[in-house]
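Below: the structure, in structure tokens.
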Amino acid sequence: MKDPAPTDAGAPGEAMNVLHFDLRPGQEKVIAGHEASSAGRDALAVFWWGDLPLGMFPLSAAELPLGEGWRRSLAASFAAEQRSARDPALGAPLTARSDGTVRLTTSLEASVQIEGMMDWLEATANPSDADARQLAVLICTRDRPAALSDCLTALSLQRSPPGEIVVIDNSATQSARSVCEGRPGVTYLHEPRSGLSHARNTGIRAVSHEFVAFTDDDVTPHPGWTAEVVRAFAVTDAEALTGLVLPMKLETRAQRCFQMDMGGFGSRFTPALFGQSFFAATRHRGAQVWRIGAGANMAFRRSTFDRIGLFDTRLGAGASGCSEDSEMWYRILASGGACYYEPRAVVFHDHRSDWPGLRSQIRAYMRGHVSALIVQSDTFGDRGNLKRVFLQLPRYFLRTALGSLLNGRKDRGRLIPAEVAGWLAGLTYMVRPGWRSGRQSDQRDLAGGGSDDR
Amino acid sequence: MKYRLAEIELSNPLEPIRLEPDETGIGLAARWNDRLVGFCMVECALGELIGIDRLRAIADEHFAFGILNAKVAAELDTHAPLAGPLPSLTVAICTKDRAVRLGRLLDSLVAVKANSPFAHVDILVVDNAPSDETTREAAARYGADYYREPKVGLNFARNSAINNARGALIAYLDDDVVVDRGWLHGLAAAWRAAPGAGGFTGLVLPFRLDTEAQILFEERGGFGRGFLRREFRSSSLRMPLHPVGAGIIGAGCNMAFDTALVRSLGGFDDALDTGAPLPGGGDLDICYRVLRSGRSMVYEPQYAVRHEHRETIAQLRRQYWTWGLGMMAFLVKSWRHDPACRPKQSAMVRWWVGDQLKALGKAIVAREARDIRFAWAEFSGGIQGLLGEYDRSLRRVATIRNAQS
């Protein structure tokens, strides 16, 4: 007997708990601010071994609470997975395939020889205590003072305090200024030119730390975030680092749909190296750089910006919509560099809660995605990017529409018009006068400021 | 066409395996420190000597990950053993006129009973409308309890077992299996890890792969449910139609239940799994009802048996036909008795028909005559099941019941 292919989506429209489980024997996971949950609801379960995130999948209310047997079998599978992804004796670090996942392998010999699985797991889950003073954390914000305040509070609780926290206020009214005042270690900057890339670049120019990490105002970093970012940079030569973005809560239909139907900001729990083999695998049809991570949880070596320039101010929220982050990763890869994904660096994202907000977000994502593909094609002559615009994306719309019809995923289907609209809006960049030749001087002008108007 | 069935213990050094001159492949079950970690089938040359390198490559691909998994599981068990008193256990074997196979099964049971984690284990043989005394004699030889169920039909026999069982836990075995040496320990571990579960199912490996039909059946998935423990509750966000697709939970030839629970649910539906002409659906139905009652079902791979698959292609085709028939008869019955689940039930019928047609279409495109006939068998069985088979079966069992009373 078979059963229909499992999906990640449950009955749409209902609020879900986000439940955290520590699979260490006898442990319960407690994350500050995440205690609240309502009984009798479906849940997205996130599994940990101490501070090491292991995996995530949805559980129905009937599947809770998890019994001891279930916990142990999960612990066994997750531990085996982590070990084969992280133990150099089993081939770590693993290289990302074209879809961003890694192929877990082990050999009979290695498996037989390996000992002390729980000790190894404990050691791997041991929180980083790396000194983060060489790390600057940049937060670009625009008219979300309450969220920003929570974000700054979480940053003040980091186990390894960063060298500097810089808030770049992209609002017209400087609404973030009062939030930042009186917070030690927080620098406030105002960037009047609208656009996330402008704000990011202003922040980069303002700091001189070895590492630069970005997070968003609607994000709460895990207390070990900065320490894990620095630890990860110590073990890889990669110029860019990304981490795991977990949903903070799934209280509304929009939040649930974004996480469960649209995949949220990813759900990979094994580290991956995005190097030249990853880039080469899909370059001819548009390298899938968006698989590398999310702008809500990314960091760079500062030297990267000296080498390849700053964020493209044509891209990103406030300009084309998004993808200024992935275009940066594209530039890194296209110029011979590498990116690294380390899920131990965790942040929690507060997804858009209202449906119209989600719809316009999805539209902006698609418009930004198309614009970045055009830019990547223009900059590097990689025609694969245009193949994605004109062939893959329309095919993806059709397939998704069909799939959501067949599987009754109504919420997913309702977002397709927004995606198509975003795609059409993105296409206009193809013919917009001056836009395609308008790569901003900003990008290579690290020292200068303010001279990069169109 | 004949495959060697072999078992390797991976904690020992690999040793080459020499196939017999008439063997064309191997079905390899692997253990790590006695724990089953994998099974795979590999086609070889006639009478090939399967060298260590070849075996290592097979193990790398199919078993190495299972070893890591088994190591963590073992460490967790050592760290905090799941102990506690086990319930009394009745092993129930429903059989009809197959004393030789019954003897084979009882042999394997006696062996595992000698080292039983359960304090109280009794074996109960239910002889279903027998035509001679051989089953009674076999049961007597092994000191098993014996009941005769005159009403012909597997689920009549299963109900007779549940009514006469002394154990708080009842483990059903078909007479065409033998138990793995870890069977009782697997069931004990499964129970201790989930003492509140309503039922347990286990791994079903092939008993022999001597004919083309047996090899084909195993290659097409067999009864395999994999080597990872799984737990099922009354709904799942990962399987939208669960628990209606009860087939993924396990197979009727190796399943155990909380005796009191099954009694309180009214036992097995004797209009399903009646033997010909409706020899299926009974296991789906009981697993489904256990889940719907709010109790969980646990699949535990260490609770393993070996099943003697159908010998001929014609028998195999008939098996697929019974799968379709049993599945749809079960769905028709559930539709009638469990209206709350109707959206899932009708979605399952739609999905099933689509899936079957897809398989049929694929076989037709590939011009694989045999696959076409397998697919057609399952599909036509399902259609017959949809078209009133459950009602016909109800009338048949009423006649059987009346004849006996």
### Summary
Output for Cβ contacts, cut-off 7 Å, separation at least six or different chains, first residue closer than 12 Å to A:SER84 by Cβ in the stretch A:107-129, second among the small types (Gly, Ala, Ser), reads A:SER107/B:ALA64; A:ALA110/A:ALA89; A:SER111/B:ALA64; A:ILE114/A:ALA89; A:MET117/A:ALA79
### Query
Any idea which residue in the stretch A:89-113 is modelled with the highest pLDDT, counting only those that are facing chain B (nearest Cβ under 7 Å) and in a loop (DSSP other than H, G, I, E, B)?
A:SER107
### Message
Just to be sure I understand the filter: pairs with C-beta atoms under 7 Å, separated by 6 or more residues or on different chains, first member in the stretch B:294-307 and more than 11 Å from B:LEU173 (Cα to Cα) and in contact (Cβ under 8 Å) with a residue 24 or more places away in the chain, second member among the polar types (S, T, N, Q) and part of a loop (DSSP other than H, G, I, E, B). Which pairs pass?
### Response
B:GLY294/B:SER234
### Task
Name the residue, out of B:GLY280, B:GLY324, B:GLY294, that is outside the structural domain of B:TRP32 (by TED's automatic domain parsing), assigned to a loop (DSSP other than H, G, I, E, B) and within 18 Å of B:ALA375 (Cα to Cα).
B:GLY280
### Query
Somewhere in the stretch B:146-166, is a residue crowded, with 18+ Cβ neighbours inside 10 Å, over 21 Å from B:ASP270 (Cβ atoms) and either outside the structural domain of B:LEU394 (by TED's automatic domain parsing) or out of contact with any strand residue (DSSP E or B) (no Cβ under 8 Å at 6 or more places or on another chain) (or both)?
no
## Note on the structure
Listed by range, strands (runs of 3 or more DSSP E) wholly within the stretch A:164-231 having at least 1 residues that are surrounded by fewer than 24 Cβ atoms within 10 Å (Cβ to Cβ) and free of Cβ contacts under 8 Å to residues at least 40 places away in the same chain are A:186-190
### Query
If you take the residues in the stretch B:315-359 that are in contact with a Ser or Thr (Cβ under 8 Å, 6 or more places away or on another chain) and farther than 13 Å from B:VAL244 by Cβ, which one is surrounded by the fewest Cβ atoms within 10 Å (Cβ to Cβ)?
B:TRP321
### Query
Has the stretch B:58-69 got at least one residue that is in a strand (DSSP E or B), buried (at least 17 other Cβ atoms within 10 Å of the Cβ), on the phi < 0 side of the Ramachandran plot and at pLDDT 95 or above?
no
### Query
Looking only at the stretch B:19-67, which residues are more than 14 Å from every other protein chain (Cβ to nearest Cβ) and among the β-branched types (Val, Ile, Thr)?
B:THR24, B:ILE26, B:VAL42, B:ILE50
## Note on the structure
The condition of being crowded, with 22+ Cβ neighbours inside 10 Å, over 14 Å from the mean Cα position of the chain (by Cα) and closer than 23 Å to B:HIS185 by Cα holds, among B:THR274, B:THR259, only for B:THR259
## Note on the structure
Listed by first then second residue, the pairs whose first member lies in the stretch B:18-46 and is in the same structural domain as B:GLU218 (by TED's automatic domain parsing), whose partner is in a strand (DSSP E or B) and crowded, with 21+ Cβ neighbours inside 10 Å, with beta carbons under 9 Å and at least 6 positions apart or on separate chains, are none
### Message
Against the condition modelled with pLDDT of 90 or more, in contact with a His (Cβ under 9 Å, 6 or more places away or on another chain), surrounded by 15 or more Cβ atoms within 10 Å (Cβ to Cβ) and within 21 Å of A:ARG256 (Cα to Cα), how does A:PHE348 come out, does it pass?
### Response
yes
### Task
Kindly provide the set of residues from the stretch B:70-98 that are within 30 Å of A:GLY26 (Cβ to Cβ), outside any loop (DSSP other than H, G, I, E, B) and either more than 9 Å from chain A (Cβ to nearest Cβ) or not acidic (Asp, Glu) (or both), ordered by number.
B:ALA70, B:LYS71, B:VAL72, B:ALA73, B:ALA74, B:LEU76, B:THR78, B:HIS79, B:LEU89
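Among the residues of the stretch B:179-201, is there at least one that is farther than 25 Å from B:VAL112 by Cα and more than 18 Å from the chain's Cα centre (by Cα)? Give the steps one after another, and end with the answer.
In the first step, residues of the stretch B:179-201 are kept if they are farther than 25 Å from B:VAL112 by Cα; the result is none.
No, the stretch B:179-201 contains no residue that is farther than 25 Å from B:VAL112 by Cα and more than 18 Å from the chain's Cα centre (by Cα).
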#### Entry: Top-ranked residue of the stretch B:231-248 - restricted to ones that are facing another protein chain (nearest Cβ under 7 Å) and among the small types (Gly, Ala, Ser), ranked as surrounded by the most Cβ atoms within 10 Å (Cβ to Cβ)
B:GLY245
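The values are calculated or read from the model by the stated rules, or taken from the named source; none is laboratory data. Nothing here was measured: the structure is a model prediction, and the numbers come from that model. Neighbour counts run over all protein chains shown; Cβ positions are idealised from the backbone, glycine included.
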